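See structure below.
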Amino acid sequence: MADYTTIARPYARAVYQQATQTSSVDSWSEALALMSAVTCDTDMAALLENPQTGNEQKAELMLKVVSASLNAQQQNLVKLMAENGRLKVLPEVAEQFEVFRAEAEGKIDAEVTSAFPLSSEQEASITSTLKAKLGREVTITTTIDESLIGGVVIKAGDTIIDGSMKSQLESLALTLSR
């Protein structure tokens, strides 16, 4: 999906700029979420992947499903992305749009993976530390991965903090093998 991110980012940036200029960020957010959901539908995904279906037909199919919920500019995005053979990256465009939105609003989502469940005090401590480090409001989601042995791995945007025992043991093993 990394190549989808590269493809989607310019579309998301252009859409976000348009949305902020026209004060329609919420509308675009909803429209992109709808477009994303439709392109992720298994039947629609199969149609979009079909090489025998032309790009214009793909746009028409998408618009038949979503046009009642989209304004003219949003419909033009569907047409443009279909013309360029990029409809399948709409979910990534929606995700990147939300990243730009959160950045502009001074917010960031962080994923905290730990070996054991975190207490509410630990979550609060991680949240406040990340807020101080990143200078943004932080919302964390936690997952458990027992293979970490101990410690946590934190992913917030492009920042990754790996304080897991697994990582430290791998680093030690690498050092000892030299």
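Values quoted throughout were computed directly from the atomic coordinates according to the rules given, and no laboratory measurement underlies them. No experiment lies behind these values; they were computed from the predicted model shown. Here the Cβ positions follow ideal geometry from the backbone for every residue, glycine too, while neighbour counts run over all protein chains shown.
Table for the structure above
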read-out: Computed lengthening from GLN57 to ARG178, 0.36 nm per intervening residue step minus Cα-Cα distance; value: 37.7 nm
read-out: Cα-projected label distance for LYS133 with THR22, points at 7 Å along beta-carbon direction, nm; value: 3.9 nm
read-out: Charge dipole (debye, nearest 20) of the chain; +1 at Cβ of Lys and Arg, -1 at Cβ of Asp and Glu; value: 440 debye
read-out: At R0 = 30 Å, FRET efficiency that the Cβ-Cβ distance of ALA72 and GLU111 yields, to 0.05; value: 0.25
read-out: Over the chain, relative contact order from alpha-carbon pairs under 8 Å, at least 6 apart, %; value: 21 percent
read-out: Rounded to whole Å, sorted largest first: equivalent-ellipsoid semi-axes of region 1-73, Cα gyration tensor; value: 23, 16, 11
read-out: Length gained when the stretch THR42-THR6 is fully extended (0.36 nm per residue, less Cα-Cα span); value: 10.6 nm
read-out: Length gained when the stretch LYS64-THR143 is fully extended (0.36 nm per residue, less Cα-Cα span); value: 24.6 nm
read-out: Mean projection area, nm², convex hull over Cα of region 106-176; value: 4.9 nm²
read-out: Region 106-176, dipole about Cα centre (Lys/Arg Cβ +1, Asp/Glu Cβ -1), debye to the nearest 20; value: 240 debye
read-out: Euclidean distance of C-alpha centroids, region 153-178 and region 20-91, integer Å; value: 40 Å
read-out: Computed [θ] at 222 nm, helices only, for the chain once each DSSP H run of length n ≥ 4 contributes -39500 (n - 2.57); value: -20000 deg cm²/dmol
read-out: Antiparallel bridge percentage (DSSP; both residues within the chain; nearest 5); value: 55 percent
read-out: Viscosity 1.306 mPa s, temperature 10 °C, Stokes-Einstein D of the chain from Kirkwood C-alpha radius, µm²/s; value: 85 µm²/s
read-out: For the chain, with +1 on Lys and Arg beta carbons and -1 on Asp and Glu, the positive-most of ILE7, GLY150, VAL65 along the dipole; value: ILE7
read-out: 5 angstrom amide H check on ALA110, placed H, neighbours 5+ away; value: THR139, ILE140, THR141
read-out: Charge dipole magnitude, Cβ of K and R +1, D and E -1 - region 2-102, Cα centre, debye nearest 20; value: 240 debye
